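Encoded as structure tokens, the structure appears first; notes follow it.
The values are calculated or read from the model by the stated rules, or taken from the named source; none is laboratory data. Everything numeric in this text was worked out from a predicted model, so none of it was measured. When we count neighbours, we look across all protein chains shown, and the Cβ atoms used for this are built from the backbone with ideal geometry, even at glycine. Quick note on the areas: whole protein, heavy atoms, side chains included, nothing else; ligands and nucleic acids left out. Shrake-Rupley method; radii C 1.70, N 1.55, O 1.52, S 1.80 Å.
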Number of protein chains: 2
Amino acid sequence: MKHYELLRRLARPAETKIVLLVLDGVGDLRTAEQPQTPLARAATPNLDALAARSSLGRIVPVAPGITPGSGPGHLALFGYDPLDPEADIGRGVLEALGADMEVRRGDVVARGNYATADDGGRLTDRRAGRIPTAESERLTGVLREALAEDPPPGAEVVLRHGEGHRFVLLLRGEGLAAEVADTDPQREGVPPLQAEATDPRAETTARAVRHLVSVAERALAAEPRANRVLLRGFSSLPHLPSMTGLYGLRCGAFAGYPLYRGVAAACGMELVPCGKQPEETFAAAAGRWPDFDYLFLHVKKADMAGEDGDFEAKVEAIEAVDRALPRLLEAGPDVLAITGDHSTPVPMRLHSWHPVPLLIAAATAYADRTTAFDEDHATAGHLGTIPSHHLMGLLLAHAGRLAKYGA
Amino acid sequence: MKHYELLRRLARPAETKIVLLVLDGVGDLRTAEQPQTPLARAATPNLDALAARSSLGRIVPVAPGITPGSGPGHLALFGYDPLDPEADIGRGVLEALGADMEVRRGDVVARGNYATADDGGRLTDRRAGRIPTAESERLTGVLREALAEDPPPGAEVVLRHGEGHRFVLLLRGEGLAAEVADTDPQREGVPPLQAEATDPRAETTARAVRHLVSVAERALAAEPRANRVLLRGFSSLPHLPSMTGLYGLRCGAFAGYPLYRGVAAACGMELVPCGKQPEETFAAAAGRWPDFDYLFLHVKKADMAGEDGDFEAKVEAIEAVDRALPRLLEAGPDVLAITGDHSTPVPMRLHSWHPVPLLIAAATAYADRTTAFDEDHATAGHLGTIPSHHLMGLLLAHAGRLAKYGA
């Protein structure tokens, strides 16, 4: 049985509010060269006071040694086993999320190449001579205009140029499906393939893609190099059961970056516009307080500082959260969890596999002897070290939203 | 998905060296009668200094309460789930390994009994009157000579006498397979069964066994009691995917005892001759340093002392490792893990299920507040308590040999 199935069976309603505050990449390392972690160094009076009345512990995003991308890291926090194939996020979607495109449930995304074909329509260069990014940006503008004049039936089109010869195509509309075969034949000397549905559900989508490709070929006909488009990796956000359906939670996502909004959308959360600073995020959440039972709040900066190898910036990012925290506490969450989707240690400048500190504040939380929110206190905390995708069960339990298992 | 499949998918090359130092049976108990464990008591300045800059934690070989044999204990350390049926080590192989026979990949091993048959060839005693071990040793010498004169086609034969009426048969050669039915009919009054292949792959092997049995019957014809041999439990080392194939690691095993060499061989490691003392083992590893990416070093003595209930001997075994340690550190492993395959507590004189201390030294290791390598510090360490077969993921991660999971 999937873990969320167990939770779904036990879920019951309650008048409680859960806040999951994700400090992206917050976990860090203690080494000879970096004797304190940013969490240990930061002046965080509000977090420390909270820690003193909370339970601390740690989460392991995937498994020991496995470094998660942001997608699996967040899906796990939302209660989905990141190793379950259903939680796999397709390449097209990843490309779009990585390019800061907003991907919604039901959108179909593909990776595109500009390519060169000869007069007979046979491909002579699948990468259009690796045109520079500026050229790709111009071509994408040309396509956008042509498609605005002659849009495909039943689908709104979003295009975003990528690096070099690459671009991303997103289709939005009712009844679209990602079961469309690649149009990239993966070799030269033959024409691009027709877009074909591999499942009857995707017929509308395939038709829209064929229309779009023919518009593109007309619009690019005079281009010396990039006179064709090749599409591959059609995919959608994973078809996960929504958190609303599973637990009866009205879920709101307050995240300033598209990747996190995309993953939240995949879990059925409502996406609420908000800024990127913690005080903006917390204010946005407070402003929509009556509308949700579960509020996912994402703060990005600690991760960026970790990737930059900037210790002081990571400390400051944590202190900024601490300064804004009273605002969030005033709203009065019944359960407040603070953690990260993974560690991004400053000495590594990368995501890592190291366990991530976790704090849970709730009336039913064991007030362990931890007096600060950092790696050492978290290691000693009452929550122990658990897989990330087990956090959801703890949040529901502390919110009084889980019935007893068995009699 | 098997855990090693996940690791295989993420594995990537690097110029790093991993050392796994197994102190067999090192974990122990603190009780009213034994207020310090051998690890806590031993004077280990080198291990303590290492602990101060390393992460500590614990491994659980199989599951809480499950005491592993040395086979499952080591397979788990090498990244194989010891509960997976593919990791099951057949009885014949275990008997051979336990009898200190060298078992290689592809060898076929069976357990043998000396037995008595009447003039009509019908078994009258399946255990030859439970002849003494000295008698079994003599008979095994007789068989060895007869087979040297008339060896079976396509197979080298190794025989080892066991306790009482028992012996072990090992066949080595190209294209052998263990799918051979027992020749022991499990009752008296009937003749021994003919060796028959239960899979066409084992025809050559069955033919060799039939030849061998007929040579044995002629050689033993004049024996008053032991005039027949019965064979059962034909088996080979498990067909595990090799660590080289899985992770691209060139693996060397430095172990002084056949059982550990056998398990290492089952995982595709190269077996390097070395002595049994820690300084010999470490010197052998240093001597072959350029040839391997993963070096498994096995030190046996702590386990033997535990089984003998000899506290002082176990302390001395640990101190001997500590004295030799600088030699190993000089070689410069990028990742060094020190642990055991299981605990062998002195008060129990047996293998046990208790979690085993684990130390990982690496540039990316969290330097926790642990200042000595013993059970108490390990319990408080940053690595937490993990299943043994998850250790491999941690070692690969610290060695920079795992890509990120998802984006």
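Lysines within cross-link reach of B:LYS314: Cα-Cα under 19 Å, excluding same-chain residues under 8 positions apart?
Partners within reach: B:LYS276, B:LYS300, B:LYS301.
Accessible area, 1.4 Å probe, largest first: how do A:TYR405, A:TYR257, B:TYR405, A:TYR114 sort? Could the numbers behind the result be given before it?
Details: A:TYR405 155, A:TYR257 50, B:TYR405 25, A:TYR114 0 Å².
In descending accessible area the options line up as A:TYR405, A:TYR257, B:TYR405, A:TYR114.
Taking chain B as a Gaussian network, where each spring joins two C-alpha atoms under 10 Å apart, which residue of B:ALA361, B:ALA286, B:ALA222 fluctuates the most?
The residue with the greatest mean-square fluctuation here is B:ALA222.
Would you please give the residues with an amide H less than 5 Å from that of A:VAL19, counting only those at least 5 places away or on a separate chain, with H modeled from the backbone geometry?
A:LEU295, A:VAL335, A:LEU336, A:ALA337
Which distance in Å, rounded to a whole number, links the C-alpha centroids of segment A:211-263 and segment A:1-45?
That distance is 29 Å.
Can you compute the modelled spin-label distance between A:ARG144 and B:ARG187, with each label point 7 Å from Cα toward Cβ, in nm?
The modelled label-to-label distance comes out at 8.6 nm.
Suppose every Lys and Arg Cβ carries +1 and every Asp and Glu Cβ carries -1, with no other charges. What dipole size does segment B:95-235 come out with about its Cα centre, to the nearest 20 debye?
On the way: 20 positive and 24 negative charges, 44 e Å.
Its charge dipole is roughly 220 debye.
For a paramagnetic label modelled at 7 Å from the Cα of B:GLN277 toward its Cβ, which residues of segment B:227-258 fall within the zone defined by backbone nitrogen distances under 20 Å?
B:254-258
So how tilted is helix B:203-219 from the main axis of chain B? Cα-based, degrees 0 to 90, rounded to 10.
Relative to chain B, helix B:203-219 is tipped by roughly 60 degrees.
May I ask you to list the GluC sites (Glu not before Pro) in segment A:2-72 that are in a DSSP loop and have at most 16 other Cβ atoms within 10 Å of their Cβ?
Working: sites: A:GLU5, A:GLU15, A:GLU33; in loops: A:GLU15, A:GLU33.
Listed in order of number, the matching sites are A:GLU15, A:GLU33.
Hey, what do the phi angles of segment A:326-338 turn into as Karplus ³J(HN,Hα) couplings, whole Hz, using 6.51/-1.76/1.60 and θ = phi - 60°, x for Gly and Pro?
So the Karplus estimates, Gly and Pro as x, are x, 3, 6, 5, 4, 4, x, x, 6, 10, 10, 10, 10 Hz.
Roughly what % antiparallel, to the nearest 5, for the DSSP beta bridges in the protein assembly as shown?
Numbers: 66 of 111 bridges.
Rounded to the nearest five, the antiparallel share is 60 percent.
Using a cut-off of 12 Å between beta-carbons, work out the net charge of the residues near B:HIS377 (Lys and Arg +1, Asp and Glu -1, B:HIS377 not included). Write down the numbers at each step before the final one.
Numbers: positive: B:ARG58, B:ARG369; negative: B:ASP48, B:ASP368, B:ASP374, B:GLU375, B:ASP376.
Combined, the nearby Lys, Arg, Asp and Glu give -3.
Ordered shortest first, which distances in nm separate the 7 Å Cα→C-beta label point of B:ARG30 from those of the other copies?
Once sorted, the set of distances for B:ARG30 reads 1.9 nm.
Per residue of A:66-74, what is the mean number of Cβ atoms on other protein chains within 10 angstrom of that residue's Cβ? Show your work: numbers first, answer last.
Numbers: counts 14, 7, 4, 5, 3, 3, 4, 3, 0.
The shielding value for this peptide is 5.
For A:GLU270, what residues show an amide H to amide H distance below 5 Å, using hydrogens built from the backbone and excluding near sequence neighbours?
Placed amide hydrogens put A:CYS251, A:GLY252, A:ALA253 under 5 Å from A:GLU270.
Through the Karplus equation 6.51 cos²θ - 1.76 cosθ + 1.60, θ set to phi - 60°, convert the phi angles of segment B:354-370 into ³J(HN,Hα) values in whole Hz; use x for Gly and Pro.
Result, rounded to whole Hz: 4, x, 10, x, 9, 10, 10, 9, 6, 4, 9, 7, 6, 7, 7, 7, 7.
With the label 7 angstrom out along Cα to Cβ, how close does B:ALA221 come to the same site in each of the other copies, in nm, nearest first?
Counterpart label points of B:ALA221 in the remaining copies fall at 9.8 nm.
Count charges around B:ALA399 for me, please; just the other residues with Cβ under 9 Å from its Cβ, Lys/Arg as +1, Asp/Glu as -1. Intermediate results must be reported in sequence, preceding the final value.
Details: positive: B:LYS17, B:ARG401; negative: B:ASP293, B:ASP334.
After counting each charged neighbour, the total is 0.
If you keep only loop residues by DSSP, which trypsin sites (Lys or Arg not before Pro) in segment B:143-217 have at most 11 other Cβ atoms within 10 Å of their Cβ?
Numbers: sites: B:ARG144, B:ARG160, B:ARG166, B:ARG172, B:ARG187, B:ARG201, B:ARG207, B:ARG210; in loops: B:ARG187.
Sparse-neighbourhood loop trypsin sites (Lys or Arg not before Pro): B:ARG187.
To the nearest Å, what is the center-to-center distance of segment A:72-114 and segment A:277-333, using C-alpha atoms only?
24
Quick one: grab the alpha carbon gyration tensor of segment B:228-296, order the square roots of its eigenvalues as a ≥ b ≥ c, and give me rounded if a/c is under 1.5, else prolate or oblate depending on whether a/b is larger than b/c.
Values: a/c = 4.16, a/b = 1.48, b/c = 2.80.
In terms of gyration-tensor shape, oblate.
If the label for A:ARG53 sits 7 angstrom from Cα along the Cα-to-Cβ line, what are its distances to the same label in every other copy, in nm to one decimal, shortest first?
Spacings between copies for this position, smallest first, are 4.4 nm.
Take B:LEU350 and A:ALA32, extend 7 Å from each Cα along the Cα→Cβ direction, and tell me the distance between the two endpoints in nm.
4.4
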